[in-house]
Amino acid sequence: MKQQLNNIKDNFEVINSFPQIKNIPVIIGESDPEGCAACGVMTNPANAYRNGTMYSSYTAAAVTRIYDMAAYYGINLIGAVNWSFEFENQPWFAGFRSLATNGVDKPVLNVFRMLGMMSGSRVEVSGDLKYNFKSICDSGVRGDRTDINAFACKDKNSITVLVWNYHDVDIQDNGSPVVLNIKGIPASKATLAHYRVDEVHSNSFELWKKMGSPQNPTAAQISQLEKAGQLEMLSKPEKIKIINNTATIKMQLPRQAVSLLKISY
């Protein structure tokens, strides 16, 4: 992430240095962790990260920091392209930079689905936050603590909060307890929908491995994989109390997990 964010930061600084072009619309044409989309695990074993939750949690953390940098440098950012492709007649989970494999969606696509469910205006996130875009540009996410942070939006009748637990070192564990105090809710009652991408939710790759990593899955297995590739709720929607315009939500967020909380009122 350090390298990707520094590449973007350098370009933002150049744009910001020219008053003539400072407010032009900016689109990041290839916004990815590294450059070789067509390099799979057979030639580049490290690219196996693209299949699972390392890539999905990275995406949540990186997209938010790109927004942070655009605001800091006063850049009129209107879009960023994920440089992914469709690879036909290739092995299952071959590690190419794609959002699906043989028609089965990967975990990273579910983070884009989460982002697509967020609407309205961005609101401030504060708290015990270890990393920001400046610290990541300086030294990455390499400290003792993982990057647990959030991106939040408020619309007329809803608030959405994207929360992730990321680290540059590709290991998984039970994660950390997270407490969210969501303020400014103009209601006394609301409904909470909690979506999750982790080892057991919205994750076709982990299911495929549990099947024995078949390269010729049966029709029944493909059906199961297709279902596992969809965005999944952590639990059923529930009614929550709003006290003094604030909702308090507690969760255990595993390493490499991403949650989307949608509060409707």
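Taken together, the values in this text are just the output of simple stated rules run on the coordinates, not laboratory data. Given the structure is predicted, the values throughout are model-derived calculations rather than measurements. Positions of Cβ are backbone-derived with ideal geometry, glycine not excepted, and every protein chain shown enters the neighbour counts.
Per-residue ellipticity at 222 nm from helix content only, as computed over the chain with -39500 (n - 2.57) for each DSSP H run of at least four residues, stands at -8000 deg cm²/dmol. For residue 239, the lysines whose Cα comes closer than 26 Å to its Cα, not counting residues fewer than 8 places off in the same chain, are 154, 156, 183, 189, 250, 262. So for the range 128-176, Kirkwood radius off the Cα pairs, Stokes-Einstein at 10 °C and 1.306 mPa s: how many µm² s⁻¹? Answer, rounded: 128 µm²/s. Can you return the lysines within cross-link range of residue 209? Criterion is Cα-Cα under 28 Å, with same-chain partners fewer than 8 residues away left out. Output for residue 209: 106, 227, 236. Geometric descriptor of the range 2-264, per residue, is 137 Å³ (volume of the convex hull of the Cα atoms). Can you compute 3J(HN,Hα) from phi for each residue in the range 189-197, using the Karplus curve 6.51 cos²θ - 1.76 cosθ + 1.60 with θ = phi - 60°, rounded to whole Hz and x for Gly and Pro? Taking θ as phi minus 60°, the curve returns 9, 7, 10, 9, 10, 10, 9, 8, 10 Hz for the range 189-197.
Taking other Cβ atoms within 10 Å as a rough exposure proxy, 18, 112 sort from fewest to most as 18, 112.
Tell me, how many Å apart are the Cα centres for the range 200-265 and for the range 32-85? Value for the Cα centre distance between the two parts: 21 Å.
Cβ distances below 4.7 Å define possible disulfide partners, and in the chain the cysteines left without one are 137, 153.
Partner aspartates and glutamates whose Cα lies under 19 Å from the Cα of residue 130, excluding those fewer than 8 positions away in the same chain, are identified as 68, 138, 144, 147, 168, 170, 173. Net charge near residue 191, counting Lys/Arg +1 and Asp/Glu -1 over other residues with Cβ under 12 Å of its Cβ? Summing Lys and Arg as +1 and Asp and Glu as -1 gives +4.
Charge tally for residue 139 (other residues, Cβ to Cβ under 15 Å; Lys, Arg +1; Asp, Glu -1): +3. Taking N as the residue count of the range 12-57, its C-alpha radius of gyration divided by 2.2 N^0.38 Å amounts to 1.75. Count Lys and Arg as plus one, Asp and Glu as minus one, and take only other residues whose Cβ is under 15 Å from that of residue 244; the net charge is then +3.
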